[in-house]
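The values are calculated or read from the model by the stated rules, or taken from the named source; none is laboratory data. All values derive from a computational prediction rather than experimental measurement. All Cβ positions, even for glycine, are placed from backbone atoms using ideal geometry, and neighbour counts span all protein chains on display. We work out accessible area using only protein heavy atoms, side chains counted, and drop any ligands, DNA or RNA first. Shrake-Rupley method; radii C 1.70, N 1.55, O 1.52, S 1.80 Å.
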Amino acid sequence: MATLTYRDALNQALREEMLRDDRVFLMGEEVAQYDGAYKVSRGLLKEFGPRRVVDTPIAELGFTGIGVGAAMVGLRPIIEMMTWNFALLAIDQIVNSAAKMRYMSGGQIGMPIVFRGPGGAALQLAAQHSQAFESWYAHIPGLKVVAPATPADAKGLLKASIRDDNPVVFIEGEMLYNLKGEVPEDDHVVPIGVADIKRAGKDVTIICHSKTVGPALKAAEALAAEGIDAEVIDLRSIRPLDTETILNSVGKTNRCVVAEEGWAFAGVGAQVVDTIQREAFDSLDAPILRVTGADVPMPYNKHLERAAKVDASKIQDAAKKVLYL
Amino acid sequence: MTTTAPGGKTRAVDQATQALHRGYLRQMLLIRRFEEKTGEAYSLGKIGGFCHLYIGQEAVAVGAMATLRPDDHVITAYREHGQALARGLSARSVMAELYGKATGSSGGKGGSMHIFDAAKGFLGGHGIVGSHIPLAAGVAFAHKYRGGDQVCLCFFGEAAANIGAFHETLNMAELWDLPVVFVIENNGYGMGTAVARAAAITNFADRGAAYGMASEQVDGQNVLTVREAFDRAVARARKQSKPTLLEIKTYRYVGHSMSDAAHGTYRSKEEVDQYRQKDPIAILEDLMRAAGYWDDARHQALDAEVMAEVADSVTFAEESPDPDPSALFRDVYAEEGHT
Ligand SMILES: Cc1ncc(C[n+]2csc(CCOP(=O)(O)OP(=O)(O)O)c2C)c(N)n1
Ligand SMILES: [Mg+2]
């Protein structure tokens, strides 16, 4: 296995899938000559040329729609959002066009397309540039939503997303791009819809995804020092949701904390909690707690920002609460 | 056949041209009768939802589609029954879709606003104003990407030309030389809003200039004029891979949708009557009559033929089954997750 950054793992996935299938192309702002705003597409223009690595004007609605149109007739576009904040200008195309096309055409028109880019907060980017939108897209039947936390999952899930015949919203973590990890060589494909137990444990289940996986693992280490054995489940896919892995874990630990970067109201955790209370009510020994971003637009000031964000100690505290400690 | 035209000059219209004109007339008449029947069926509660009729605009769809090859693509908005018929979808499959039946062009899941036929290159039927304009550029992008010479026609109303997607798309289509024809069907109104109350520049063809795009304003009531304009635009797309913006001046004789009266709050009966004088079907028939290859008897025979076709489509729709309840959850996602 090679050690790669999350960024380079994504880059490898793009490159390998473009080599594998000529129908795959990358389109977005600054993806070609600039090598990507976050350098995820580094070297791809040089290798594949401007036919397949396409720089666009700043026109999210327009170029996202162009991707959707190309997918309607069988190409397999990868549309890069410079960040998911800007995808709000394109959400009409993702929700009204891409997610509906197969259904409203009675199954005649496929939609093999990936919308990808960084989501969530980085550091001190303030209110308009620090938002996690997983639950917005996960709400929509017809879309799949994926948010990897590690380099290996980033590569494997991006490859699976590109090969998927459905529209996939692929949310990366801006703060994860430099994260290093081992990535299997060869054709490493991680199936969509399968969660991963990042740490096995028996006392409490911590459910997380994307940028909250790191803090959750850190919290688990701190809990271990106090004699508490936490299980950390990385959802990896938000839709479809791997309810089986969630329910198996809660069936074993009887206690659960759900962490996510986004806001609490109608968030990913709300869906997870709903599933658990319905399917595993009798195995719960305590109410489920959620750890989420504060219910405010993100402030610029770094102390306020820290207070608004999920971190390991908040997850640790919640885990102890569900254990009545 | 040799005839004496109104100017007293003798001119010949060859058999092939006569057949072509008869074909256009048949398509326009079929759309007219189909839409009239649709209006009736709607009033009887057989058809639900939003339903927008094409009466008055028939020459646009017919003149446009006449220029296409089977492997070209068409994408359009919600006022699309006529375009679907002109593209060669059967009256049966369109009527059955309006009825929501399993035999409809989208299996009963699309309805009036979402008519699709992938095999005919008819890519819908879209209900968000202007949102399908970028999709057309994407289809054309795919044609070019694959090195083919197919063309994509994109129809939308003049009110859709005020939306951001229109401007973003025209910029990229010209920038990337995409083989697409953008067709503004300027029928004077977006719902109840007259053009002059919504557009700073009411001459929509002028908007092409903002993007360096070839554009033309066309009389949409004369199918032959429409056809010629599309010949030029489609050839530009096919041979030079360049987009064109066509503004087709037309008029709808009916309300915006089935819930809107033909005249009332935002336009007068006099105005509608005035435009009725420029009926696209009458214009072509007059021309054919003047050239001596059309008369009342032939009109009646043709009308009876299309009325029968429409009646058959209604019978078919009435007798077709509803979608199976299991269809509810089908086609949300691809059956095979991976390729
Ligand atoms: C984005 C959006 N806004 C509003 C509507 C509601 N609406 C449907 S049709 C229409 C008028 C559009 O007029 P035009 O584009 O000129 O087409 P026409 O109906 O005249 O064919 C409006 C406002 C919509 N479907 N989509
Ligand atoms: Mg209009």
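Within 11 Å, Cβ to Cβ, of B:Ala261, how many net charges do the neighbouring residues add up to if Lys/Arg are +1 and Asp/Glu are -1?
Working: positive: B:Arg267, B:Lys269; negative: B:Asp260.
Residues near B:Ala261 contribute +1 overall.
Pull up the DSSP beta bridges for the range A:23-182 and report the antiparallel fraction as a percent, rounded to 5. Intermediate results must be reported in sequence, preceding the final value.
Working: 1 of 21 bridges.
Beta bridges within the range A:23-182, antiparallel portion: roughly 5 percent.
Just subtract the alpha-carbon distance of B:Arg22 and B:Gln274 from 0.36 nm times their residue separation and send over the number in nm, one decimal. Could the numbers behind the result be given before it?
Values: separation 252, 0.36 × 252 = 90.72 nm, distance 2.59 nm.
Using 0.36 nm per residue and subtracting the Cα-Cα distance, I get 88.1 nm.
Note on the range B:102-149 and the range A:156-190: Cα centroid distance 30 Å, given to the nearest whole angstrom. Summing Lys and Arg as +1 and Asp and Glu as -1 over all other residues whose Cβ lies under 12 Å from the Cβ of B:Glu319 gives a net charge of -1. The dipole here belongs to the protein assembly as shown: it is taken about the Cα centre, uses +1 on the Cβ of Lys and Arg and -1 on the Cβ of Asp and Glu, and is about 820 debye. Debye-formula intensities of chain B, expressed as log10 I(q)/I(0) at q = 0.09, 0.14, 0.15 Å⁻¹, are -0.49, -1.18, -1.33 (one equal scatterer per alpha-carbon, no solvent).
So if R0 is 25 Å, what FRET efficiency would B:Asp14 and B:Glu216 give, r being the distance between their Cβ atoms, rounded to the nearest 0.05?
0.40
Here, the range B:120-201 is characterised by an Rg to Rh ratio of 1.01, where Rg is the alpha-carbon radius of gyration and Rh the Kirkwood radius. For the range A:193-208, backbone phi angles converted through the Karplus equation (6.51, -1.76, 1.60; θ = phi - 60°) give residue-by-residue couplings of x, 10, 6, 10, 7, 7, 8, 7, x, 10, 8, 7, 9, 10, 9, 8 Hz, Gly and Pro being listed as x.
Roughly how big is chain A's charge dipole about its Cα centre, with Cβ charges of +1 (Lys, Arg) and -1 (Asp, Glu), in debye to the nearest 20? Could you put the intermediate results ahead of the total?
On the way: 35 positive and 42 negative charges, 46 e Å.
Dipole about the Cα centre, nearest 20: 220 debye.
On full extension, the segment bounded by B:Met191 and B:Arg298 gains 34.8 nm, given 0.36 nm per residue less the C-alpha separation. Provide, in order from the shortest bin, the percent of all Cα-Cα pairs of the range A:1-110 in each 10 Å bin, continuing until the bin that contains the maximum pair distance. Binned Cα distances yield the sequence 15, 42, 33, 9, 1.
Across peptide B:99-109, what mean number of C-beta atoms from other chains lies inside 10 Å of a residue's C-beta?
Details: counts 0, 0, 0, 1, 0, 1, 3, 7, 6, 1, 7.
Per-residue shielding by partner chains comes out at 2.
Quick check for me: using +1 on Lys/Arg Cβ and -1 on Asp/Glu Cβ, what's the dipole size of the range A:2-183 about its Cα centre, in debye to the nearest 20? Could you put the intermediate results ahead of the total?
Numbers: 18 positive and 20 negative charges, 71 e Å.
Roughly 340 debye, rounded to the nearest 20.
Shielding by partners for peptide B:317-330, expressed as the average number of C-beta atoms from other protein chains within 10 Å of each residue's C-beta, is 1.
Estimated from the Cβ-Cβ distance and a Förster radius of 30 angstrom, the FRET efficiency linking A:Thr3 and A:Ala266 is about 0.20. A:Ile79 sits among other residues whose Cβ lies under 10 Å from its own Cβ, and their net charge, with Lys and Arg +1 and Asp and Glu -1, is -1. Taking label points 7 Å from Cα along the Cα-to-Cβ direction, B:Ile201 and B:Asp149 give a separation of 3.2 nm. Spin-label model, B:Phe50/B:Asp231: points 7 Å from Cα along the beta carbon direction are separated by 3.7 nm. Here the range A:2-183 is treated as a sphere whose radius is the Kirkwood value from Cα pairs; by Stokes-Einstein at 20 °C and 1.002 mPa s it diffuses with a coefficient of 133 µm²/s.
Once you have a ≥ b ≥ c as the square roots of the Cα gyration tensor eigenvalues for the range B:243-313, tell me rounded if a/c is under 1.5, and otherwise prolate or oblate according to whether a/b is larger than b/c. Intermediate values should be presented prior to the final figure.
On the way: a/c = 1.77, a/b = 1.45, b/c = 1.23.
Verdict is prolate for the range B:243-313.
Against the criterion of solvent-accessible heavy-atom surface with a 1.4 angstrom probe, B:Asp72, A:Asp186 sort, most first, into A:Asp186, B:Asp72. Taking the longest Cα principal axis of chain A as reference, the axis of helix A:213-225 is set at about 20 degrees. Each residue of the range A:16-26 was assigned a 3J(HN,Hα) from its phi angle through the Karplus curve 6.51 cos²θ - 1.76 cosθ + 1.60 (θ = phi - 60°); the sequence is 5, 6, 6, 5, 6, 8, 5, 6, 7, 9, 10 Hz, with glycine and proline shown as x. Whole-Hz Karplus values for the range A:123-136 come out as 10, 6, 8, 6, 4, 7, 10, 9, 9, 9, 10, 3, 5, 4 Hz, taken residue by residue from phi with 6.51 cos²θ - 1.76 cosθ + 1.60 and θ = phi - 60°; glycine and proline positions read x. Our compactness index for the range A:196-322, the C-alpha radius of gyration over the empirical 2.2 N^0.38 Å, is 0.99. Per-residue SASA remark: A:His303, around 120 Å² accessible (1.4 Å probe; ligands, DNA and RNA not included). The mean number of Cβ atoms from other chains found within 10 Å of a Cβ in peptide A:166-173 is 1, as a whole number.
Identify which of A:Trp263, A:Trp84, A:Trp136 has the largest mean-square fluctuation in a Gaussian network model of chain A, with springs joining Cα atoms closer than 10 Å. With Cα springs under 10 Å in chain A, the top fluctuation among A:Trp263, A:Trp84, A:Trp136 is at A:Trp136. The orientation-averaged projected area of the convex hull spanned by the Cα atoms of chain A comes to 16.3 nm².
Return the whole-Å distance between the Cα centroid of the range A:195-213 and the Cα centroid of the range B:34-77. Using only Cα atoms, the two centres lie 54 Å from each other.
Size of the protein assembly as shown: Rg and Dmax of its alpha carbons, in Å, are 28.7, 107. Short-range pairs are left out: with C-alpha atoms under 8 Å and at least six residues apart, the relative contact order of chain B is 22 percent. For chain A, the longest principal axis of the Cα atoms and the long axis of helix A:151-163 meet at an angle of about 50 degrees.
In this model, which of A:Lys100/B:Lys242; A:Lys180/B:Lys144; B:Lys37/B:Lys278; A:Lys46/A:Lys198; A:Lys309/B:Lys109 are farther than 32 Å apart at the alpha-carbon?
Details: A:Lys100/B:Lys242 30 Å; A:Lys180/B:Lys144 39 Å; B:Lys37/B:Lys278 22 Å; A:Lys46/A:Lys198 37 Å; A:Lys309/B:Lys109 43 Å.
Beyond 32 Å: A:Lys180/B:Lys144; A:Lys46/A:Lys198; A:Lys309/B:Lys109.
Over the range A:1-57, the alpha carbon radius of gyration divided by the compact-protein estimate 2.2 N^0.38 Å works out to 1.07.
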